[in-house]
Amino acid sequence: MKVEASDWFLIGPEVFLTGAGLLLLALATFFQKAKEEFLGYLAVLSVVITAVILSVVAAAGPRERGPILAGMFILDNFALFFKFLILIAIGLTVLASIKYVGTAPYPGGEYYALLLFTGVGMLFMVSGNNLISIYVALELMALASYILAGYFKGETRSTEAALKYFVLGAFSSGILLYGLSLVYGISGRMGLTDLAQMATSGDGRNLAVLGILMVLVGLLFKIAAVPFHVWTPDVYEGSPTPITAFFSVGPKVAAYAILARIFYVGFPKFHADWGLVVAIVAAATLVWGNLAALLQTNVKRMLAYSSIAHAGYALLGVLGFQTPYGLWGVLVYLLAYTFMNFGAFALVIFLETKGYAAESVSDFNGLARRNMPAAVTMLLFLLSLAGIPPTAGFIGKYYLFTAAMKAGYAWLAVLAVLASAVSLFYYFRIAAAMFFSEAAGARLQSSYALTAAVVLCAAGTLLVGIAPEGVLAVLKTCIPGGY
């Protein structure tokens, strides 16, 4: 495959981020632990520069951003939106990690480099226009993620999280790859636009459907949908908390991007076959995610099951792909989810950097008396996760529920509304602990980097919720494949 000069320009963000990760690895050998904070800020700067380069790429016209690398990758508005969202997630993760990693007895340089390498995989993944390129990029993301899950190798839970993530992740990748091989064997094509022309009848139709469903299973694992969610609570609990926050948004955003692109662009003719499966999975994910979260006392496990439930909400938009609200809802919800969910985890990180385990709801007791801004901000994120107006979560759920209704899944929309009501109980347990329980300990102060991450998340949550018109106008230009 010949790489044109223009292709190098268009993959400039990925190339630069790769170089930045390699530079961090090299610099890590010269920095002592006490001075590794500089590497964290260098990683943030690398993400910002990557975003600037991506902005330059985005300024090129659609014709100049056409399929590149022999049609393997595409840089449409859909891909650009997710690239910016991924860079936001990585930047927030690095900001939230600087103090956390700085106080841990583990090297920081390799940690930040792995985050950037994970980002490279995700950036390539959301531009995938071919099943093979998507798979290779997904594995690049996954391999770095397995290491990050077990980065605190001296802690048993972190090692356990990495092992479970690796074993189940490899299993799901095998299912995904087998599904891709079936699709290729029947159609003889790997490009998504070519697959859209695949015959929906004939002797090979049943095998094609089986291959499509196996691809779906592999992707449902990545978004932690029921019954492919079993890795999520243990991995979220055992991983370093900034990595848990990253796992809850970054890989999920990338997985939803390729899930939407593959099934919107590549397999729309097979909607009757995969639509019912997605509906059942969405219903099970909504019910189990919220009910299991009700039973949790560990905050990280509670938020893990909450993230499972939110995967179910986003699947409503996938079902409504034939309505104007379907993909718009997925896009706006993932944007809102990135800010509100990462913000909630950032407050958990805040308590952990102050010497609190932040594992139990009781660790939030009296937070309003120890740090009122932190408590109010956490309440904002909890309200948004529950879908209470005027937050970003409400806008996202409105579009998703509307998409499900218009696509003929009224029963699923009603179930989603009831599930949102259930979520109020476990979110408000944390709120009650912060505002109505006795304070325990002295007043808490946050680091500048973590404060910046929380402020950015709060601003994003409020902006999308209070003034969504401009955001929605942009998102409506990001629909792939003409939908």
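The values are calculated or read from the model by the stated rules, or taken from the named source; none is laboratory data. Note that the structure is predicted; figures quoted are calculated from it, not measured. Here Cβ is always computed from backbone atoms with ideal geometry, including for glycine, and neighbour counts include all displayed protein chains.
Per the listing 94, 52, the residue uniquely surrounded by fewer than 16 Cβ atoms within 10 Å (Cβ to Cβ) and modelled with pLDDT of 90 or more is 52. In summary, helices (runs of 4 or more DSSP H) completely within region 343-415 and bearing 1 or more residues that are among the aromatic types (Phe, Trp, Tyr) occur at 372-386, 392-406.
Condition check: assigned to a helix (DSSP H, G or I), more than 21 Å from the chain's Cα centre (by Cα) and either of a type in the set (Val, Ile, Thr) or within 19 Å of residue 257 (Cβ to Cβ) (or both). Does residue 90 satisfy that?
Judged against the criteria, residue 90 is not a match.
Only one entry in 135, 100 is surrounded by fewer than 24 Cβ atoms within 10 Å (Cβ to Cβ), modelled with pLDDT under 90 and more than 15 Å from the chain's Cα centre (by Cα), namely 100. When residue 254 is tested against (1) crowded, with 24+ Cβ neighbours inside 10 Å; (2) not in a helix (DSSP H, G or I), only condition (2) is not met. Among the numbered conditions (1) touching a residue at least 24 places away in the same chain (Cβ under 8 Å); (2) of a type in the set (Gly, Ala, Ser); (3) under 23 Å from residue 281 (Cα atoms), the only one that residue 374 does not meet is (3).
Looking across region 312-332, the residues that are within 17 Å of residue 273 (Cβ to Cβ) and part of a helix (DSSP H, G or I) come down to 315, 318, 319. For residue 123, indicate whether it is buried (at least 18 other Cβ atoms within 10 Å of the Cβ), more than 23 Å from residue 456 (Cα to Cα) and of a type in the set (A, V, I, L, M). Taking the combined requirement at face value, the residue does not satisfy it. Screening residue 271 on (1) in a helix (DSSP H, G or I); (2) closer than 21 Å to residue 428 by Cα; (3) out of contact with any Asp or Glu (no Cβ under 8 Å at 6 or more places or on another chain); (4) of a type outside the set (Asp, Glu) shows it passes everything except condition (2). Listed by first and then second residue, the pairs with beta-carbon distance under 6 Å, at least 6 apart or on different chains, first residue in region 451-477 and more than 19 Å from residue 328 (Cβ to Cβ), second of a type in the set (Ser, Thr, Tyr), are 454/377; 458/377.
Quick grid of which residues meet (1) over 30 Å from residue 108 (Cα atoms); (2) in contact with a Pro (Cβ under 6 Å, 6 or more places away or on another chain); (3) surrounded by fewer than 20 Cβ atoms within 10 Å (Cβ to Cβ); (4) at pLDDT 90 or above:
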position	(1), (2), (3), (4)
3	yes, no, yes, no
22	no, no, yes, yes
58	yes, no, yes, no
63	yes, no, yes, no
74	yes, yes, no, no
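Within region 234-250, the set of residues being of a type outside the set (Ser, Thr, Tyr) and surrounded by 24 or more Cβ atoms within 10 Å (Cβ to Cβ) comprises 235, 238, 240, 242, 243, 245, 246, 247, 249, 250. Within region 242-253, is even one residue over 17 Å from the mean Cα position of the chain (by Cα) and in contact (Cβ under 8 Å) with a residue 40 or more places away in the chain? No, that holds for no residue.
Yes or no, residue by residue, for (1) within 17 Å of residue 289 (Cβ to Cβ); (2) at pLDDT 85 or above; (3) within 22 Å of the chain's Cα centre (by Cα); (4) of a type outside the set (S, T, N, Q):
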position: 389; (1), (2), (3), (4): no, yes, no, yes
position: 401; (1), (2), (3), (4): yes, yes, yes, yes
position: 404; (1), (2), (3), (4): yes, yes, yes, yes
position: 415; (1), (2), (3), (4): yes, yes, no, yes
position: 422; (1), (2), (3), (4): yes, yes, no, yes
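Within region 144-157, at least one residue is within 27 Å of residue 70 (Cβ to Cβ), of a type outside the set (Val, Ile, Thr), assigned to a helix (DSSP H, G or I) and modelled with pLDDT of 90 or more. Which is over 30 Å from residue 40 (Cα atoms) and either of a type in the set (Phe, Trp, Tyr) or at pLDDT below 90 (or both), of 441, 481? Just a single option satisfies the conditions, and that option is 481. Determine, yes or no, whether residue 318 is β-branched (Val, Ile, Thr), in contact with a Leu (Cβ under 9 Å, 6 or more places away or on another chain) and within 19 Å of residue 475 (Cα to Cα). When the stated conditions are applied, residue 318 passes them. Within region 172-185, residues that are over 14 Å from residue 213 (Cβ atoms) sit with their Cβ atoms under 7 Å from residues that are among the aliphatic types (A, V, I, L, M), at 6+ positions apart or across chains, in these pairs: 173/142; 184/190. Condition check: assigned to a loop (DSSP other than H, G, I, E, B) and not β-branched (Val, Ile, Thr). Does residue 208 satisfy that? In short, no. Among residues of region 69-91 that are in contact (Cβ under 8 Å) with a residue 12 or more places away in the chain, those with a Cβ under 6 angstrom from a residue that is basic (Lys, Arg), sequence gap 6+ or separate chain, pair up as 75/65.
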